Amino acid sequence: MLAIDKPEGWTSHDVVAVVRGVLGTKRVGHGGTLDPLATGLLPVLVGTATKFADRIHEAAKVYDALVRFGAETATDDREGRVTREAGVPSLAAGSIEPALAALRGVITQVPPQYAALKVGGKPAYARARSGENMALAARTVQVFRLDMIEVSPPDLRLLVVCSSGTYVRAIARDLGRAMGSTAHLAALRRLAVGALEVRDAVTPDHLRARGRDATALIRPANEDLLTLDPRFLQRSAGTIVGAGESV
């Protein structure tokens, strides 16, 4: 397993292609798609570790998310066309907290129309791009933590700790609706997947610079990688992301 810090604008498959080229092996996969807009930790599995993909997919994930109020988009992030606009609501803690509380715990969530999940054997985003208007089924996910880091209207920065299958874009969309407004995901950085953390990850450029010596960065793929550091659930949100104490 390699921990890669994916740059913005790259697809997860772009990262896999770089790893294949650097290590000289075709047997490479990743442990959880990151949208091109997002940055941060992408677990990359090498060799026989590709069999571990299903297990690492199950690990809890941690995100630093920027939600922007005032507009909802077709993709639920900043790249999509605006589909609905509304005034920016009060972003005082007393107004935000009840809406956040409703999105914590075991919840049902409708995935974004532009999602990688398969619908009739075809990715939902491919169907959406071809003009299909689908009614995606709600799925049960778990949000272990959803806390404010900082507020700068129209933006709200959140720490999200969630189960596999949770769409942070959908959290942004649903938070806007819960506050009687509209919202989308303006930025996203993945901080951790299980025991793998972005602070220990390398960028694709760093990997290229290491060349075949990059094999020294490979970690064994085992059950130990599935356990999230307790600090992500215990320490203040602001401290975790280096922004000081959370609001």
- Message: If I model a spin label as a point 7 Å beyond the Cα along the Cα-Cβ vector, how far apart are those points for Arg210 and Val106 in nm?
- Response: 4.0 nm
- Message: Place a point 7 Å from the Cα of Arg199 along the Cα-to-Cβ direction; which residues of the stretch 64-108 have their backbone N under 16 Å from it?
- Response: 64
- Query: For the stretch 182-192, in order, what is each residue's ³J(HN,Hα) by Karplus, 6.51 cos²θ - 1.76 cosθ + 1.60 with θ = phi - 60°, in whole Hz (x at glycine and Pro)?
  - Reply: 9, 7, 8, 7, 8, 7, 8, 10, 8, 9, 7
- Message: For Met148, what accessible surface area do you get with a 1.4 Å probe? Give it in Å², rounded to 10.
- Response: 20 Å²
- Message: Just to be sure I understand: with springs between alpha-carbon atoms less than 10 Å apart, which residue in His57, His184, His206 has the highest mean-square fluctuation in the Gaussian network model of the chain?
- Response: His206
- The extension gain from Lys26 to Arg81, computed as 0.36 nm times the residue separation minus the Cα-Cα distance, is 16.1 nm
- Item | Long-range HN-HN contacts of His30 with modeled amide H, under 5 Å | Leu45
- Task: Once you have the Cα-Cα distance between His57 and Ala17, take 0.36 nm times their residue separation minus that, and quote the gain in nm to one decimal.
- Result: 12.4 nm
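Could you give the Stokes-Einstein D for the chain in µm² per second, using the C-alpha Kirkwood radius, 20 °C, 1.002 mPa s?
115 µm²/s
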- Note on the structure: Plugging the Cβ-Cβ distance of Thr48 and Arg231 into 1/(1 + (r/R0)^6) at R0 = 51 Å yields, to the nearest 0.05, a FRET efficiency of 0.95
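The values are calculated or read from the model by the stated rules, or taken from the named source; none is laboratory data. Note that the structure is a prediction, hence the values are computed from the model and not measured. For neighbour counting, all protein chains shown are included, and Cβ atoms are generated from backbone atoms with ideal geometry for every residue, glycine included. Just the protein is used for accessible areas: all its heavy atoms, side chains included, with ligands, DNA and RNA removed. Shrake-Rupley method; radii C 1.70, N 1.55, O 1.52, S 1.80 Å.
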